[in-house]
Amino acid sequence: APAAGGRAGAADHGTARDHARGARAAQERQVDVDRGGRGGVRHDRIPRRPPGRQAAAAKVRGRRCERGLALDAPARDHGRARRAPQNRRARRGPAPSAGVTSAAPGGGSGRDVRAYTDTLAACAKELRVFIDEENCHPILIRLAWHDSGTYDQAFVASWPACGGANGSIRFAPELAHGANAGLKKAILYLEPFNEKFPTLSWADLIQLASATALELAGGPKSPLRYGRLDVSSSEGCPPEGRLPGAYPPFPGEVDAATHLRQVFGRMGFSDSEIVALSGAHTLGRAFKERSGVVSEGYGKGTGTVHTNAETGRPRLDSAPGLGMAGGKSWTQRWLAFDNSYYTDGQHAGSTASEQKTSTGTLLEMPTDAVLRTDPIFRRSYLRYAHNPRAFFADFASAHAKLAELGSCFDPPEGILMPEH
């Protein structure tokens with residue numbers, strides 16, 4: 001009898017334990033479903049730190065930023081970034097990986113996330129009107145990319161020496177870098193927005209203007225985070241020479257493919273990401289007075305058929321207007337974001353002087369041409385030429401990564417804007 005009772009007790013205990021396991025599994029599946037995953041897919045769940053450990057981690061991040069320790073390219077999957085729900089006006093972004101971002105010195109300023117998000121949305125609304133009227137999409141995108149493109153992961157342990165999207169490009173010493181010729185105009189465009197929305201950091205304003213310009217031109221909506229901190233003076237400007245060149249001789253006397261891999265590899269980008277980011281040349285022009293790589297300068301008298309207001313219709317909506325006339329573009333519709341950088345480029349010569357086809361009025365530099373001739377780059381180049389959806393997806397991911405290089409966020413996880 002005692003033995004039987006023991007077995008019965010064990011059986012009852014096992015049944016209770018099974019019920020408990022089943023209840024926990026059901027709860028976990030429901031949590032997973034609530035997070036947008038599939039019930040029972042355990043590896044999609046994000047482990048959560050206990051509140052005490054979260055607070056301790058935030059303090060550590062604050063101390064690291066205060067000592068100048070930070071920042072690398074985000075390791076999260078930008079293509080799967082969670083968007084803010086429609087019924088909430090502000091939302092903190094997804095938690096970054098360790099060592100990716102930091103809070104403000106001293107552990108954070110206690111920024112009002114909702115108020116900051118409302119300000120971002122209000123500023124974006126006014127930027128849309130301004131950009132559409134001025135047709136200044138390309139120069140605002142160039143400004144943002146040149147601010148973030150100075151990032152060097154070799155200096156990851158030192159902020160802002162690592163460079164990146166920290167607003168330093170607004171200072172005269174960095175604007176004077178050869179690669180930034182003409183970008184003072186973009187800063188002047190944004191100064192009224194900085195005055196009207198003073199709570200937004202310059203670093204955020206620059207990236208917000210770029211993202212807004214891309215969307216207006218028909219480009220993808222990249223899952224950007226906001227809440228960046230600014231460098232406070234020109235002492236935070238990076239040294240000259242970190243941005244890619246266009247024509248040889250390149251540093252170290254290397255070829256164009258090696259130069260691109262050295263520059264973008266320093267920022268943490270792969271070969272396919274290099275090709276995707278180069279697709280931004282779908283937008284914009286080069287000018288003799290700026291980069292100096294073309295003979296076409298300011299004014300319709302020296303432009304091409306695509307950059308003359310009387311003959312060109314580069315806007316996404318094909319409406320008249322292109323801003324200041326002149327210069328030479330990479331594509332025919334250089335105010336509309338699509339994959340024509342790859343499709344038009346397939347018909348171009350290896351240099352501007354060798355273009356003999358009907359697209360000879362388009363620009364192609366050695367760093368553009370090598371994307372077609374290098375066997376590894378070429379695979380992505382042809383893929384994007386034939387699959388615009390693949391290009392948009394890869395570009396959005398790489399763009400979000402670029403826009404966060406070297407950024408120090410407050411709050412540490414950043415801020416996502418709700419969809420508009």
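Out of everything in the stretch 380-393 that is open to solvent by 10 Å² or more (accessible area, probe 1.4 Å), closer than 16 Å to S270 by Cα and touching a residue at least 40 places away in the same chain (Cβ under 8 Å), what residue ends up being farthest from the chain's Cα centre (by Cα)?
That would be S380.
Tell me yes or no: at least one residue of the stretch 267-284 is touching a strand residue (DSSP E or B) at 6+ places or on another chain (Cβ under 8 Å) and either part of a loop (DSSP other than H, G, I, E, B) or at pLDDT below 95 (or both). Break it down into steps so the answer makes sense when it comes.
The initial filter retains those residues of the stretch 267-284 that are touching a strand residue (DSSP E or B) at 6+ places or on another chain (Cβ under 8 Å), namely 283-284.
From what's left, either part of a loop (DSSP other than H, G, I, E, B) or at pLDDT below 95 (or both): 283-284.
Among the residues of the stretch 267-284, at least one is touching a strand residue (DSSP E or B) at 6+ places or on another chain (Cβ under 8 Å) and either part of a loop (DSSP other than H, G, I, E, B) or at pLDDT below 95 (or both), which makes the answer yes.
Go through the stretch 225-235 and give me each residue that's open to solvent by 10 Å² or more (accessible area, probe 1.4 Å) and either β-branched (V, I, T) or in a helix (DSSP H, G or I) (or both).
S234, E235
Look at E253 and say whether it is under 18 Å from Q153 (Cβ atoms) and either among the acidic types (D, E) or surrounded by 22 or more Cβ atoms within 10 Å (Cβ to Cβ) (or both).
Numbers: under 18 Å from Q153 (Cβ atoms): no; either among the acidic types (D, E) or surrounded by 22 or more Cβ atoms within 10 Å (Cβ to Cβ) (or both): yes.
No, not satisfied.
What number of residues within the stretch 393-409 are out of contact with any Ser or Thr (no Cβ under 7 Å at 6 or more places or on another chain) and of a type in the set (D, E, K, R)?
The qualifying residues number 2.
May I ask you to verify whether R313 is of a type in the set (K, R), over 22 Å from L277 (Cβ atoms) and at pLDDT 90 or above?
Numbers: of a type in the set (K, R): yes; over 22 Å from L277 (Cβ atoms): yes; at pLDDT 90 or above: yes.
So R313 fits the description; yes.
Quick one: in the stretch 309-338, which of the residues that are free of Cβ contacts under 8 Å to residues at least 24 places away in the same chain and acidic (D, E) is least open to solvent (accessible area, probe 1.4 Å)?
Taking the candidates together, the pick is D317.
Here are the criteria: (1) in contact with a helix residue (DSSP H, G or I) (Cβ under 6 Å, 6 or more places away or on another chain); (2) in a loop (DSSP other than H, G, I, E, B); (3) modelled with pLDDT under 95. Tell me which single one T343 does not satisfy.
(2)
Can you tell me which residue among S353, S291, S358 is over 13 Å from P138 (Cβ atoms), at pLDDT below 95 and assigned to a loop (DSSP other than H, G, I, E, B)?
Details: S353 fails: assigned to a loop (DSSP other than H, G, I, E, B); S291 fails: over 13 Å from P138 (Cβ atoms).
None of the other options fit; the residue is S358.
When the stretch 296-308 is examined, which residues are found to be touching a residue at least 24 places away in the same chain (Cβ under 8 Å) and either part of a loop (DSSP other than H, G, I, E, B) or crowded, with 21+ Cβ neighbours inside 10 Å (or both)?
Those that are touching a residue at least 24 places away in the same chain (Cβ under 8 Å) and either part of a loop (DSSP other than H, G, I, E, B) or crowded, with 21+ Cβ neighbours inside 10 Å (or both): E296, G297, G299, G303, T304, V305, H306, T307.
Is one or more of the residues making up the stretch 200-207 assigned to a helix (DSSP H, G or I), in contact with a strand residue (DSSP E or B) (Cβ under 9 Å, 6 or more places away or on another chain) and acidic (D, E)?
yes
Considering L216, L188, which residue is over 18 Å from the mean Cα position of the chain (by Cα) and under 27 Å from G326 (Cα atoms)?
Working: L216 fails: over 18 Å from the mean Cα position of the chain (by Cα).
After applying the criteria, what remains is L188.
Starting from the stretch 255-268, keep only residues that are closer than 25 Å to S407 by Cα, then list their pairs with residues that are surrounded by 18 or more Cβ atoms within 10 Å (Cβ to Cβ) and acidic (D, E) whose Cβ atoms are within a distance under 8 Å, requiring at least 6 positions of separation or different chains.
Within 8 Å, the pairs are R261/D271; F264/E273; R266/D152; M267/D152; G268/D72.
Which numbered condition in (1) out of contact with any helix residue (DSSP H, G or I) (no Cβ under 8 Å at 6 or more places or on another chain); (2) open to solvent by 70 Å² or more (accessible area, probe 1.4 Å); (3) at pLDDT 95 or above is the only one that R83 fails?
That leaves (3) as the condition not met.
Residues to consider are S222, S278, S270; find the one that is surrounded by 15 or more Cβ atoms within 10 Å (Cβ to Cβ), among the hydroxyl-bearing types (S, T, Y) and under 22 Å from P375 (Cβ atoms).
S278
The values are calculated or read from the model by the stated rules, or taken from the named source; none is laboratory data. Predicted model only: the values in this text are computed from it and were never measured. Using ideal geometry, Cβ is built from the backbone for each residue, glycine included, and neighbour counts are taken over all protein chains shown. SASA here: full protein model, heavy atoms, side chains in, ligands and nucleic acids out. Shrake-Rupley method; radii C 1.70, N 1.55, O 1.52, S 1.80 Å.
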